[in-house]
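The values are calculated or read from the model by the stated rules, or taken from the named source; none is laboratory data. All of these numbers come straight from a predicted model, not from anything done at the bench. No Cβ is skipped: glycine too gets one built from the backbone with ideal geometry, and neighbour counts run over all protein chains shown. Heads up: the accessible areas ignore ligands, DNA and RNA and are worked out on the full protein's heavy atoms, side chains in. Shrake-Rupley method; radii C 1.70, N 1.55, O 1.52, S 1.80 Å.
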Amino acid sequence: MFSLKTKVCLALAFALLLGSSTAVMANPTAGAHGGVQRAPAYGTVLHTIRYNAFERADFAVNGDGDTNLNVEVYDANFRLIVRTVGAGDKCHVNWTPNYTGTFYIYVRNSGSVWNRYNWRAY
């Protein structure tokens, strides 16, 4: 069995660990990354990204200003997790996955011309 001194040290370490907890910011399991894509007129671009369980997941889009872009995130069972709705081509979504796995992120262009956008998964 543990000595009283060891129990006190373990309890103190546990309390410090809990007391210093903050919101955990997740990177995708492969690390934060991004790029530049071109969404076709009235089209969709799919980003397939693996995120860690129980950590905040983020995905952001910054378009060229020509059309409206929105983002939709689906899980492995193709259930809608989060989406943006509205005008403009700058959007950001975040959620906390219940499991480590692949998420399907659709960037939808509702305009009649293509839109070149920067994206970031973090």
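Summary table below
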{"item": "Average accessible area per residue (Å²) across segment 35-114 - probe 1.4 Å, nucleic acids and ligands excluded", "result": "52"}
{"item": "Nearest-0.05 FRET efficiency for residue 44 and residue 98, computed from C-beta distance (R0 25 Å)", "result": "0.50"}
{"item": "Highest to lowest packing among 80-90, 57-67, scored as the average C-beta count within 10 Å", "result": "57-67, 80-90"}
